[in-house]
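Here the structure is laid out as structure tokens; the discussion comes afterwards.
FYI, it's all coordinate maths here, none of it is from the lab. Note that this is a predicted model, so its numbers are computed, not measured. Here the Cβ is made from the backbone with ideal geometry for all residues, glycine too, and neighbour counts use every protein chain on show.
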Ligand code: HEM
């Protein structure tokens, strides 16, 4: 087995990630609420085999979308000169690629749950910019987090179709992805919600 090269700032499963402020039992109730079942885990795992060779073209589409929307690219803009921080974009892109594989792995255990809250903090002023030690826009407005769920998942479907699965299988994988991203965006919202109201 070859070791995966380390991705800068990807602290999944390390002691640097604090414990999630939510238990796995509470997370089970959330899964139940979005109708996320073991069949979705299987569909995600099936999607991993389809997507793992397509990570870069998927990222091209998603980065193309963010890059062509000034209000979104804003979050990668350096405060000092108002220009996009290309090193920051590149560093986040690597972790984003790993996120595709982690999401498709469907192993939503304690370590995964902990990292979701870390991803939430990294979008919020609590933790944005610190991982890559950049001086970019300090915060991402909450409203864009759930909004991005739609383009991210809608544009994934053509990639799920690329390896000859039936339309029904593609739909099952796609629905599992939509539910998973919804769950994650809910977890990432934690720092945006008033204390005690999450
Ligand atoms: C469905 C919605 C979204 C998904 C799936 C998503 C996914 C991700 C992932 C996987 C990372 C890297 C996490 C890590 O460090 O391991 C990340 C970081 C980041 N995302 Fe998002 N994101 C979403 C919404 C947004 C929106 C709406 C914006 C801005 C308009 C945004 C801008 C950023 C930035 C700037 C970072 C780097 C944060 C930092 O560590 O400084 N994201 N995102």
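Which pairs turn up if I take residues in the range 122-133 that are within 12 Å of residue 75 (Cβ to Cβ) and without any contact (Cβ under 8 Å) to a residue 12 or more places away in the chain and look for partners that are part of a loop (DSSP other than H, G, I, E, B) and within 6 Å of the ligand (Cβ to nearest atom) with beta carbon separation below 8 Å, at least 6 apart in sequence or on another chain?
122/128; 122/131
Those residues that are more than 15 Å from residue 10 (Cβ to Cβ), assigned to a loop (DSSP other than H, G, I, E, B) and near the ligand (Cβ under 7 Å from one of its atoms), I need them from the range 114-133; list them, please.
128, 129 - these are the residues of the range 114-133 that are more than 15 Å from residue 10 (Cβ to Cβ), assigned to a loop (DSSP other than H, G, I, E, B) and near the ligand (Cβ under 7 Å from one of its atoms).
Would you confirm, using the coordinates I've provided, whether residue 72 is within 9 Å of the ligand (Cβ to nearest atom), out of contact with any strand residue (DSSP E or B) (no Cβ under 6 Å at 6 or more places or on another chain), assigned to a helix (DSSP H, G or I) and touching a residue at least 24 places away in the same chain (Cβ under 8 Å)?
For residue 72, the condition - within 9 Å of the ligand (Cβ to nearest atom), out of contact with any strand residue (DSSP E or B) (no Cβ under 6 Å at 6 or more places or on another chain), assigned to a helix (DSSP H, G or I) and touching a residue at least 24 places away in the same chain (Cβ under 8 Å) - is met.
Taking residue 198 as meeting all but one of (1) surrounded by fewer than 20 Cβ atoms within 10 Å (Cβ to Cβ); (2) in a helix (DSSP H, G or I), write down the number of the exception.
Among (1) surrounded by fewer than 20 Cβ atoms within 10 Å (Cβ to Cβ); (2) in a helix (DSSP H, G or I), the lone unmet condition for residue 198 is (2).
Which one is nearest to the ligand (Cβ to nearest atom) among residues in the range 1-59 that are touching a residue at least 24 places away in the same chain (Cβ under 8 Å), part of a loop (DSSP other than H, G, I, E, B) and under 24 Å from residue 158 (Cα atoms)?
Going through the qualifying residues, I end up with 34.
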